[in-house]
1. Among the residues of the range 73-122 satisfying the criterion of being free of Cβ contacts under 8 Å to residues at least 24 places away in the same chain and assigned to a helix (DSSP H, G or I), which is surrounded by the fewest Cβ atoms within 10 Å (Cβ to Cβ)?
2. Given the condition crowded, with 18+ Cβ neighbours inside 10 Å and under 29 Å from the mean Cα position of the chain (by Cα), answer yes or no: does some residue in the range 131-143 qualify?
3. Which members of the range 328-378 meet the condition of being part of a helix (DSSP H, G or I), loosely packed, with under 15 Cβ neighbours inside 10 Å, at pLDDT below 80 and not charged (D, E, K, R)?
4. Restricting to the range 211-239, and then to whatever is under 23 Å from HIS167 (Cβ atoms) and of a type in the set (S, T, N, Q), can you tell me which residue is surrounded by the most Cβ atoms within 10 Å (Cβ to Cβ)?
5. Starting from the range 396-421, keep only residues that are assigned to a helix (DSSP H, G or I), then list their pairs with residues that are open to solvent by 10 Å² or more (accessible area, probe 1.4 Å) and among the charged types (D, E, K, R) whose Cβ atoms are within a distance under 6 Å, requiring at least 6 positions of separation or different chains.
6. So which residues in the range 477-493 are open to solvent by 10 Å² or more (accessible area, probe 1.4 Å) and within 14 Å of LEU436 (Cβ to Cβ)?
7. Take the residues in the range 290-319 that are at pLDDT below 90 and in a loop (DSSP other than H, G, I, E, B), then tell me which one is most open to solvent (accessible area, probe 1.4 Å).
8. Does the range 395-411 contain at least one residue that is over 54 Å from the mean Cα position of the chain (by Cα) and more than 16 Å from VAL368 (Cβ to Cβ)?
Amino acid sequence: MNRKFIFFALLQAFILFALIWFIAGNDRLFRSTVPLEQRLVSRNDSIRKKAQQELLGLDADAKRQAVEHLIPSLEKDDAFVRKWAAISLALVGPSAQEAIPSLLQEVSDRQKDVAQAARVALSEIGAPDIQQLPTLLRTLEDPHESVLCEAANSIGKMGPAAEPAVHTLMDFIRRPTPTPACLEDAVASLEISVPTVLPTVVDFLGNPTTEVRRKASNILSQIPIKSAEQAIPLLTALAAEKDPATRKNLAKALSWTDSHEEGAEIIFSAVLRRSHSQEVRLAALDDLQGQAIAPANLEAIWTDGLRDPSIAIREATASWVRESIPRGAKPFSLVMKMLHDPEPSIRRLGLETLRRCNLRSIELLSRVAKAQRDPDAGVRCRASETLIEAGSTDRISIELLITDLRRDEDTARCSEDVLSLAGLFDPEVGRSMIRLVQDDKNPDIRSRAARVLMHLGPRARPAIPALLRAQKDEVPGAAMALKAIRASVSKRH
């Protein structure tokens, strides 16, 4: 009896195995027997790949039906099934709209590969349709940040259809406590398609809460500024802002160049002319220096900066001119503006600009000659140096420089340098220095004159007796000057 039972059991098992083998070996029969949604999550790679190919070949209606059958698989206990159900929905793409709510929940799945598959599926589905918006808005309150952020990301893709969601997103931004940055990213994504976004976010820059301003500035850092009207309130906020993170975001917002309709140059030039805040104009000037501005437009911008009522802006502009002016250029009007400026530091920069571009004209040199009587020692020294280099020095220049040798250390040092240059062309300079070394009672003046003679080389040979006496008197620098002059004389011979 037992043998018969065993025999029939084995026979049944064999028949069942043969039947399964036959069905599996016959694709058409297998497909008609096992539903597509089961084959898509099969553990057999070959079966699963064939099912995926079949899925890709379905028409839109058939794909939507497949989606309906796949959604329950996202809730299965088996992580393998959930993962491949999500991957299958990713293959369906935009036709899998109905799966969005279920996929959002899977984003927080404990199994990382399931969560990743859900995110990929949401990405492949793309912008949700308007019917999904109520679900997405409810999901924004999900306690899992990953779920919330996927919902926000989906809303950000919807374009004009997401306008009803803007109010809800703004409620998150105005909260005084930190919220996930993905909400700010979603608001930024909607700026192009929803006109109310930008002015509302800009208004948040005036919020008394630092956290709200930081969120607003982060949104603005992702939005291309398109006009001076849009840039001015950001620059105004930047001038008043104390929070470093907010300032950094605003600076980034004002650095966009690729998408400007008017062009960054025009935007910041307008701000430089029109803003009533010095800090705002300074920020605009700083941004202009970072732009690739056509040489033809630079002079107009520099002129605006040099006319500014703020010393800081005029000085920053003058420094920009001095550093950027190409050699051989003829910025006559710019240099004249700097030379007439009431601020000494700007007049100095004007003279340095003049030397840099080697600009020469009777009117300019006449103005430079007057600058030798400037109350500022740095201006006087640079004026004399400019005249000497232009070959237009005179006795007035030399006498003024000698007078400056008697002033403070900084003034005297500049005079020494310029007199050393002048002495190479005018022998009277050497004779004047010899008289100072011999006759002056102040050892500091004798020392400074000795240093000038030291730079004149063989031309200072007549100074050797005076320097010997100064050496005996232990005048600082006399011995060094004497050694340098003797060396240059012997080398020449």
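The values are calculated or read from the model by the stated rules, or taken from the named source; none is laboratory data. Please read these numbers as outputs of a predicted model, since none were measured by experiment. For neighbour counting, all protein chains shown are included, and Cβ atoms are generated from backbone atoms with ideal geometry for every residue, glycine included. Note: areas computed on protein heavy atoms with side chains; ligands, DNA, RNA excluded. Shrake-Rupley method; radii C 1.70, N 1.55, O 1.52, S 1.80 Å.
1. LYS112
2. Scanning the range 131-143, I find no residue that is crowded, with 18+ Cβ neighbours inside 10 Å and under 29 Å from the mean Cα position of the chain (by Cα), so the answer is no.
3. ILE362, SER366
4. Among those residues, the one meeting the criterion is SER217.
5. Here the result reads ALA412/ARG448; GLU416/ARG448; GLU416/ARG451; VAL418/GLU385, each pair linking the range 396-421 to a residue that is open to solvent by 10 Å² or more (accessible area, probe 1.4 Å) and among the charged types (D, E, K, R).
6. Residues of the range 477-493 open to solvent by 10 Å² or more (accessible area, probe 1.4 Å): 477, 479-480, 483-484, 486-493.
Within the range 477-493, GLY477 is the sole residue that qualifies.
7. ALA292
8. We begin by selecting, within the range 395-411, every residue over 54 Å from the mean Cα position of the chain (by Cα); these are none.
Checked against the condition, which is being over 54 Å from the mean Cα position of the chain (by Cα) and more than 16 Å from VAL368 (Cβ to Cβ), the range 395-411 yields no hits at all.
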